[in-house]
Amino acid sequence: MTDAPNPFAALMAQMQEMAKAMPQMGAFDPAKGFDAKAMEALWPTMPKEVMETWFGNALNENGLDAKTRLLITLAGLTMQGAQADSAVRQTVRHAREAGATDQQISETLGMMAMFAGVPAMTRAMELAQEVMDDDKDKT
């Protein structure tokens, strides 16, 4: 009887080869995984008008605007412990595009210290600061 190849190992090897082919994952190292920030580059920041149409009050004129919804999303991600680094960074990036100021983002995160705890708020602030610093470097 011959040993059949492990289908999971074969699938993982195939996925690693596919990952190497993606420009954003060109430095993929199976031992380290991939760079989450490089993956974020696959998802560009949506224009404010698009966010207002999809997530804002364009279709519900008395509803929340996209900026408010994104600040609420940021608060929710912080409540979960700010464990989803990419999601927090992308939400901050999109909130800024939707018109949120750095102070509004900081106040939203600061308020979460009361509900999510200081460690979660601190982690979310660190992630938000990465986005804000990246934008300062680009100008």
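The values are calculated or read from the model by the stated rules, or taken from the named source; none is laboratory data. Small disclaimer: the values here were computed from a predicted structure and weren't measured. For neighbour counting, all protein chains shown are included, and Cβ atoms are generated from backbone atoms with ideal geometry for every residue, glycine included.
Taking (1) β-branched (Val, Ile, Thr); (2) touching a residue at least 24 places away in the same chain (Cβ under 8 Å); (3) loosely packed, with under 13 Cβ neighbours inside 10 Å in turn, Thr108 satisfies each apart from (3).
The single residue among Met46, Met18 that is at pLDDT below 95 and either closer than 20 Å to Asp134 by Cα or basic (Lys, Arg) (or both) turns out to be Met46. Can you find a residue that is buried (at least 17 other Cβ atoms within 10 Å of the Cβ), farther than 24 Å from Asp135 by Cα, of a type in the set (A, V, I, L, M, F, W, C) and out of contact with any His (no Cβ under 7 Å at 6 or more places or on another chain) anywhere in the stretch 115-123? The answer is yes, given that some residue of the stretch 115-123 is buried (at least 17 other Cβ atoms within 10 Å of the Cβ), farther than 24 Å from Asp135 by Cα, of a type in the set (A, V, I, L, M, F, W, C) and out of contact with any His (no Cβ under 7 Å at 6 or more places or on another chain). For Thr91, the requirement of being in contact (Cβ under 8 Å) with a residue 12 or more places away in the chain and of a type in the set (S, T, N, Q) is met.
Out of curiosity, is Leu59 among the aliphatic types (A, V, I, L, M), closer than 30 Å to Gln16 by Cα, modelled with pLDDT under 80 and surrounded by fewer than 21 Cβ atoms within 10 Å (Cβ to Cβ)? It is false that Leu59 is among the aliphatic types (A, V, I, L, M), closer than 30 Å to Gln16 by Cα, modelled with pLDDT under 80 and surrounded by fewer than 21 Cβ atoms within 10 Å (Cβ to Cβ).
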